Amino acid sequence: QVQLVESGGGLVQAGGSLRLSCATSGRITGYAMGWFRQAPGKEREYIGRITWYTGRTYYTDSVKGRFTISKENAKNTVYLQMNSLKPEDTAVYYCAATSLGGAMSVRGYAYWGQGTQVTVSS
């Protein structure tokens, strides 16, 4: 059974940075780890993913160049470094795990964390 726990959310001013962590347990070495976010009244949105074996990363256009996904194998942890934050980045951020390497949709991910709130003030 895969379990995911996010941390690192909080309140930050526009232009600031935050790093979110996703601690994992269970057999995830064959999975891809994705990050999503959900703003109030909106659908959950895919941000990007990292494949566990290769470390290759993929991003949606809205965060490319500002957000970076990385992993630390020794800690079984995936990170989302967020720079140049904007008020429109305010959302609950989720990490998720999928055995489908190319998954970019919510339905493609079988395991989810509980989410962590990120609020960006203007």
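The values are calculated or read from the model by the stated rules, or taken from the named source; none is laboratory data. Here the structure is a predicted model, which means the values were calculated and not measured. Glycine gets a Cβ as well: all are built from the backbone with ideal geometry, and neighbour counts include every protein chain shown. Only protein heavy atoms, including side chains, enter the accessible area calculation; ligands, DNA and RNA are left aside. Shrake-Rupley method; radii C 1.70, N 1.55, O 1.52, S 1.80 Å.
Just going by the charge dipole of the range 10-122, with Lys and Arg at +1 and Asp and Glu at -1 on Cβ, which of Q114, G30, S17 is farthest out on the positive end?
Highest projection toward the positive end goes to G30.
How are the Cα pair distances of the chain distributed, in percent, across 5 Å bins from 0?
Taking every Cα pair in the chain, the percentages come to 2, 12, 24, 27, 20, 10, 4, 1, 0.
Which of L20, L80, L11 ends up with the largest GNM mean-square fluctuation for the chain, with Cα atoms connected below 10 Å?
L11
When the dipole is taken about the Cα centre of the range 1-56, and only Lys, Arg (+1) and Asp, Glu (-1) are charged at their Cβ, what size is it in debye, to the nearest 20?
Charge dipole of the range 1-56: 120 debye, to the nearest 20.
Accessible area of the range 1-107 with a 1.4 Å probe: how many percent of it is carbon plus sulfur?
After summing per-atom areas, the C and S share lands at 47 percent.
Among D89, D61, what's the order by accessible area (1.4 angstrom probe), most exposed first?
D61, D89
If I model a spin label as a point 7 Å beyond the Cα along the Cα-Cβ vector, how far apart are those points for Q114 and Q3 in nm?
Between Q114 and Q3, the label points sit 1.1 nm apart.
Rank these by accessible area, largest first, 1.4 Å probe: M33, M104.
My answer, sorted largest first, is M104, M33.
Place a +1 charge on the Cβ of each Lys and Arg in the chain and a -1 charge on the Cβ of each Asp and Glu, then give the dipole magnitude about the Cα centre in debye, rounded to the nearest 20.
The calculated dipole for the chain is roughly 220 debye.
What number does the range 1-69 give for Rg over Rh if you use C-alpha atoms and the Kirkwood radius?
Expressed as Rg/Rh, it is 0.97.
Report the calculated FRET efficiency for A14 and T57 (r = Cβ-Cβ distance, R0 = 30 Å), to the nearest 0.05.
That gives a FRET efficiency of 0.75.
Taking a probe of 1.4 Å, how large is the accessible area per residue of the range 14-106, in Å²?
Accessible area per residue: 49 Å².
For the chain, build the charge dipole from Cβ charges (+1 Lys, Arg; -1 Asp, Glu) around the Cα centre, then report which of V5, S99, G48 sits farthest towards its positive end.
S99
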